[in-house]
Each structure stands twice: as structure tokens, then as C-alpha cells.
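Notes for the one structure printed next.
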Amino acid sequence: MTARPDTASTFRALHQGPDLLLLPNAWDAGSARLFESLGARAIATTSAGVAWALGFPDGNALPIDALVATVRAIASVIRVPLTVDAEAGYSDDPATAGENVARLLSEGAVGCNLEDGNGPPELLAAKIERVKQAGARLGIDVFVNARTDVYLRKLVPPERRVEEALARAARYQQAGADGLFVAGITDAADIQAITRGTPLPVNVLARQDLPALAELQRLGVRRLSAGSAIAESMWGRAGALATAFLREGHSPALFEAAASYPSLNGLMTRK
């Protein structure tokens, strides 16, 4: 597989509206192909979903070679832009993180998520700089979506979260970030404060108590990610079906809401 720099401008433009960019995160080539066929304008991966599908836990435990292979497989079956959840770059060394993402770009990705987690903002900023340099070397205007875990990990008290998220946003933008992913945020007032406080397009993560789509758009959100939610639902459903099958040997539930064999096989047929 080779890089796909032609899709980078398309992906960047999707963050400018008028509609909110919806990303039903995929975990392998098959799920990516399915989501594209349903109208997804870009494909994003879920780090958790990819890791679980390969028998690894989420949290920077996935071997980079395994992620590269998954990206190669996904890029080979879709035409829309591909962005990859690269977690923390799979290294504490910015140079290594940059090279790891460069491998993903070489296989067809044009965007990536990079997260700060519990680490210092300065470390993520250094990784962002390295990733942007890697993209430039490959001739790819890579879209770096800087994920701050201020809300997800409750890194500061509630009353300080907006201030802290915006301070990190400014630092990450200075390093070259193209978007801000505030994972775990659900409060409408906080969301609006952040979209008004940074020029970066803001990405939020699907949650049960997240405002509705129209409200998110009114609040200034530009990107909504399913994250690991679809993969979690699939694993839960698969577990329930397998449990019933192992208990009963036959279960009508196996055939409820199932996609047909011909439709799935036709979807995966290479042309």
C-alpha cells in the first residue's frame, strides 16, 4: 500500500462544515468497508476496537506492527479519507512516536489522534511537532487531532477543566495540531466555552448524556466520534449470542437482526 495524500485535503475540509463530521469508528477492514457503504464520509479507527480484535488490551499495548497491518488492510478497501487513533504514539519518545505515525501515513492514513493521557502537555506537543514533520516529509498534510484527557481522566477539579483544556489547546495548536478532541466532555456550557475559546475544530466523544446532534452543532462542535461504543456493543452482542448458543445449542436469537450472508459477501467482494 502507498500513501494517499490526495485524500488529506478532503478530510481537512470535512471539519469546516456545514454539517458536523460523524465518525463511526472502525476496527478492521470489514467494519471500515461496512461503515463507508452506509455513508460515512471518512473512516476513523478506534484504538480499543483494533486492540480487542487482535487480542490486546487498549492503552498503548498494541504492537505498532499490528496497527500498521490493520491500517494497510483498511486503506485497501475504502476510498474515503482514513484517520487513525494512534493513542500516545506508542512511545514516550517524540521522535519514535513521529516515526510510528509516519508508518501509518505511508499505509494510507491522512489523519491521526494523539492523546496526552496522564502525561505532561509538553510531551504531547513535542510528539505533534514530530508527526507534522513526518507528514511533511511524506508530502501529506496530516490532520493531527490532539486529544486532551482533562475530562476523561478528571485531571483537574471540575471548575478548572475548561481553563485547563483551553490552555492545552493553545499549546497543542502552537505545536501544529489541527483539531482538539476533548474526550469525555458532556456539559453543554463547557462544550460551548471550549468551542468559543479555541480556533481549532472541536471533537467530542459519544456518551449517553451528550447533547443531541443538533444541539452539538449549535454549540460549535465540528466532529463527533463513536469511539469504542460500536465495538463494545458488538462484543456485548457477540457474547450474549455465544452464551445462549453454548447453553442451548440452538437459539433463534442468532438470526435476529443478522445481516444476510449474500449482502455481506457482496460488500466484501473486491472489484
(request) Give me a count of the residues in the range 95-125 that are open to solvent by less than 30 Å² (accessible area, probe 1.4 Å) and more than 25 Å from residue 33 (Cα to Cα). (result) 9
(request) Among the residues of the range 247-268, write down those that are hydroxyl-bearing (Ser, Thr, Tyr) and either in contact with a strand residue (DSSP E or B) (Cβ under 8 Å, 6 or more places away or on another chain) or open to solvent by less than 80 Å² (accessible area, probe 1.4 Å) (or both). (result) 251, 260, 263
(request) Would you tally the residues in the range 24-41 being within 11 Å of residue 267 (Cα to Cα), polar (S, T, N, Q) and open to solvent by less than 50 Å² (accessible area, probe 1.4 Å)? (result) 1
(message) For the range 171-258, give me every one of the strands (runs of 3 or more DSSP E) that falls completely inside it and has 2 or more residues that are in contact with a Phe, Trp or Tyr (Cβ under 6 Å, 6 or more places away or on another chain) and either among the hydroxyl-bearing types (Ser, Thr, Tyr) or touching a residue at least 60 places away in the same chain (Cβ under 8 Å) (or both).
(response) none
(message) Please list, ordered by residue number, the helices (runs of 4 or more DSSP H) wholly in the range 22-92 having 1 or more residues that are closer than 27 Å to residue 222 by Cβ, of a type in the set (A, V, I, L, M, F, W, C) and in contact with a Pro (Cβ under 9 Å, 6 or more places away or on another chain).
(response) 29-37, 47-53
(message) Given the condition crowded, with 17+ Cβ neighbours inside 10 Å and within 16 Å of residue 147 (Cβ to Cβ), answer yes or no: does some residue in the range 63-84 qualify?
(response) yes
(message) Just the residues that are among the basic types (Lys, Arg), open to solvent by 30 Å² or more (accessible area, probe 1.4 Å) and under 21 Å from residue 40 (Cα atoms), please, taken from the range 211-246.
(response) 222
(request) Residue by residue through the range 1-19, note down the ones that are crowded, with 18+ Cβ neighbours inside 10 Å and in a loop (DSSP other than H, G, I, E, B). (result) 3, 4
(message) If I go through the range 138-155 residue by residue, how many of them are surrounded by fewer than 23 Cβ atoms within 10 Å (Cβ to Cβ) and closer than 11 Å to residue 118 by Cα?
(response) 5
(request) Determine, yes or no, whether residue 176 is farther than 30 Å from residue 33 by Cβ, of a type outside the set (A, V, I, L, M), out of contact with any strand residue (DSSP E or B) (no Cβ under 6 Å at 6 or more places or on another chain) and open to solvent by less than 10 Å² (accessible area, probe 1.4 Å). (result) no
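The values are calculated or read from the model by the stated rules, or taken from the named source; none is laboratory data. Computed from a predicted model, the values in this text were never measured in an experiment. No Cβ is skipped: glycine too gets one built from the backbone with ideal geometry, and neighbour counts run over all protein chains shown. To get the accessible areas, we keep the full protein, side chains included, count just its heavy atoms, and leave off ligands, DNA and RNA. Shrake-Rupley method; radii C 1.70, N 1.55, O 1.52, S 1.80 Å.
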